[in-house]
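Note sheet for the following structure.
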Amino acid sequence: MPHSPAHLFTSLTIKSVRLRNRIGVSPMCQYSSDDGVANDWHLVHLGARAVGGAGLVFAEATSVAPEGRITPGCAGLWADKHIEPLARINRFVKAQGAVPGIQLAHAGRKGSAARPWEGDAHLSNEGGGWPTLGPSAIAFGGDLPKVPRAMTDADIARVQQDFVAATQRALVAGYEWLELHSAHGYLSHEFLSPLSNQRSDHYGGSFDNRIRFLLETTRAVRAVWPERLVLGVRLSCSDWVPGGWDIVQSVELGRRLREEGVDLIDCSSGGIVPDARIPVGPGFQVPFAERIRREAGILTAAVGVITEPAQADAIVRNGQADLVLLARALLRDAEWPLRAARTLGQAEALPPPAQYARGW
Ligand code: 531
C-alpha cells in the first residue's frame, strides 16, 4: 500500500482528544457578552459552526480578569458565574461531533477599547474603560493611546494565578482544548516583544527574560490542565518590524514550549504596533506554521486568509501544518466544512446532520 498522507478530512488525535477533521473555527471576538457572560448569541454562533462540520470549535478570546478584556463586551472566565453558559454551549458543540476549545487571554495595554462598531478606540476610565497593565509603561499608539501601568512582580503573579483559575473553570465548563493567547499585541505577546517590553528586571531584556512570563504561565496552567487534554499557544510569529519579535525567536520558543508540555503552536502574526507593514494575502502565515513544525518538532495550526478547500487541503497534505483554522471564511459560510468535503470528493468523511441530510 502506498503511504497515504494526512489530508483535510483525516481525523487528528492528540492525547485523548480526537478531531473528526483538520478544520477548526478560529477564536473570533463577538463583543456580545455582558460582564463576560456568554448568551444565546454565542450558542448560535458556535453551535452553527459545529453543525457545519468543523472538527474544532474555538470560543473567542476569553479574559482571565476583568481588566484583561479588549472591550466591555468581551468574554470572561474570571468568575464561576461564567461557567454554566459556556458549559451549555459545549454540550451542544460536542453533541454535533465537534471538540470545544477556548482561548484564554489578557489584553494588556490593548484592553479598555470600544467595540469595533463603536469605533475601536480606547475608552476613558470615566467613559466605560479601565486602567490597563503591560510589561512597560509604553502605549500601543494610534487609537489606543492609554499608557499601561508597568506590572510589578505581584501583578505578574496575580495575572498568572488568574490564568490558572480560568483554566480550572474551563475544565469544569467541558473544554477539551485550551489555547493561551500570546499573539496580536496582547499581554503575553507584549512580554515577548522588545518593542513593548523594555523592562530591566528578569522579565525583560534577553530572550530568556522576555519569554519568562509565558513559560511560567504555561507551566502553571499545564499543572492544572489534565495531561489527556490539548494545550496550545497562539504566537504572533513575527511583529513584521525590524528589531521586533521574529520567526527565529518563535522557533526557539516553540521548542521551549514543547518542553513545557505544550502540544501545538497556533501560528499567527502581527498586532504589537499600529504601523507594521504586513504582507496580508492568501496563506501568508502558513510558512511560519511550516517552519515551526519542522524546526521545533511540534504540531502546528495555520491561520490567516485560508478560504478555499483546495488551499486548506494542500496545507495539511504538504505537511505545512497539522490543522487549519478559519475565521472569516466560516463567518460567511458556517457549513464551509460540509461544502469543502463535497468539493474535495470526501463526502463520506463528513456526513451532514441527520436533520439536514435531505438538503445535502
Ligand atoms: C485581528 C488581528 C489579527 C492579527 C493581528 C492583530 C489583530 N483581531 C485579533 C483579535 C481581536 C480582534 C482583532 C484577537 O486576537 C483577540
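For region 12-347, what relative contact order do you get, as a whole percent, if you take Cα pairs closer than 8 Å and at least 6 residues apart?
So the answer I get is 16 percent.
Would you mind telling me the share, in percent, of accessible area of the chain contributed by carbon and sulfur at probe 1.4 angstrom?
54
Near the amide H of A61, under 5 Å away, which other amide H atoms are found, from residues 5 or more places off or on another chain, if H is placed in the peptide plane?
HN-HN under 5 Å from A61: M28, C29.
With a bin width of 10 angstrom, please list the P(r) values of the chain as percents of all Cα-Cα pairs, from the 0 bin to the one holding the largest distance.
Calculated P(r), rounded to whole percents: 6, 26, 36, 25, 7, 1, 0.
In whole Å, what is the distance between the alpha-carbon centres of region 236-301 and region 107-126?
Between the Cα centre of region 236-301 and that of region 107-126, the gap is 26 Å.
Taking only the alpha carbons of region 1-130, what extent do you get along each of the three principal axes, in Å, biggest first?
Projected onto its principal axes, the Cα set of region 1-130 covers 68, 28, 26 Å.
Taking the Cα centre as origin and putting +1 on Lys and Arg beta-carbons and -1 on Asp and Glu beta-carbons, what dipole magnitude results for region 12-347, to the nearest 20 debye?
820
So what J values fall out for region 159-169 if you push phi through Karplus, 6.51 cos²θ - 1.76 cosθ + 1.60 with θ = phi - 60°, rounded to Hz, Gly and Pro as x?
5, 5, 5, 4, 4, 5, 5, 5, 4, 4, 5
Express the C-alpha Rg of region 119-167 as a ratio against the empirical globular expectation 2.2 N^0.38 Å, rounded to two decimals.
On the way: Rg = 12.7 Å, N = 49, 2.2 N^0.38 = 9.7 Å.
The reported ratio for this selection is 1.32.
Relative contact order of region 24-152, please, whole-number percent, based on alpha carbon pairs below 8 angstrom and at least 6 residues apart.
Working: 281 pairs, mean separation 30.1, N = 129.
Relative CO of region 24-152 lands at 23 percent.
Can you grab the distance from the C-alpha centre of region 32-48 to the C-alpha centre of region 321-360, Å, no decimals?
The two parts, judged by their Cα centres, are 22 Å apart.
Viscosity 0.890 mPa s, temperature 25 °C: Stokes-Einstein D of region 1-40 from its Kirkwood Cα radius, in µm² per second? Write down the numbers at each step before the final one.
Details: Rh = 13.5 Å.
Diffusion coefficient, whole number: 181 µm²/s.
Dividing the Cα radius of gyration by the Kirkwood radius, what Rg/Rh value follows for region 161-200?
Taking Rg over the Kirkwood Rh, I get 1.13.
Could you list the GluC sites (Glu not before Pro) in region 155-243 that lie in coil according to DSSP, counting only those with at most 11 other Cβ atoms within 10 Å of their Cβ?
Values: sites: E176, E179, E190, E216, E227; in loops: E176, E227.
Qualifying residues, ordered by number: E227.
D313: net charge of surrounding residues, Cβ under 14 Å, Lys/Arg +1, Asp/Glu -1, itself excluded?
Local charge sum for D313: +2.
Which angle from 0 to 90°, rounded to the nearest 10, does the C-alpha axis of helix 212-224 make with the longest principal axis of the chain?
50
For the chain, what is the accessible area per residue in Å² when the probe is 1.4 Å?
That works out to 39 Å² for each residue.
Measure off 7 Å from each Cα along the Cα-to-Cβ vector at A357 and R328, then give the distance between these two points in nanometres to one decimal.
Placing both labels 7 Å beyond Cα along the Cβ direction yields 3.7 nm.
Compute the angle between helix 83-95 and the longest alpha-carbon principal axis of the chain, please, reported from 0 to 90 degrees and rounded to the nearest 10.
The angle comes out at about 20 degrees.
Can you compute the helix-only [θ] at 222 nm over the chain? Use -39500 (n - 2.57) per DSSP H run of at least 4 residues, normalise by all residues, nearest 500 deg cm²/dmol.
Rounded to the nearest 500, the figure is -9500 deg cm²/dmol.
What list of ³J(HN,Hα) values in whole Hz, one per residue of region 193-206 in order, does the Karplus curve 6.51 cos²θ - 1.76 cosθ + 1.60 (θ = phi - 60°) give from phi, with Gly and Pro shown as x?
3J(HN,Hα) across region 193-206, in whole Hz: 8, x, 6, 10, 10, 10, 5, 10, 9, 7, 9, x, x, 5.
Tally Lys and Arg at +1 and Asp and Glu at -1 over the other residues with C-beta under 12 Å from the C-beta of A38: what net charge comes out?
-3
Give me the one-decimal Kirkwood hydrodynamic radius in Å for region 225-360, with the sum taken over alpha-carbon pairs.
On the way: mean 1/r = 0.0613 Å⁻¹.
Across region 225-360, the inverse of the average 1/r is 16.3 Å.
Under the Karplus relation 6.51 cos²θ - 1.76 cosθ + 1.60, θ = phi - 60°, what is the ordered set of whole-Hz ³J(HN,Hα) values for region 107-117, x standing for Gly and Pro?
Per residue, the Karplus-derived 3J(HN,Hα) values read 7, x, 6, 8, x, 6, 9, 6, 4, x, 7 Hz.
The values are calculated or read from the model by the stated rules, or taken from the named source; none is laboratory data. Keep in mind it's a predicted model, so treat the numbers as computed, not measured. Note: ideal-geometry Cβ built from the backbone for every residue, glycine included; neighbour counts use all protein chains shown. Only protein heavy atoms, including side chains, enter the accessible area calculation; ligands, DNA and RNA are left aside. Shrake-Rupley method; radii C 1.70, N 1.55, O 1.52, S 1.80 Å.
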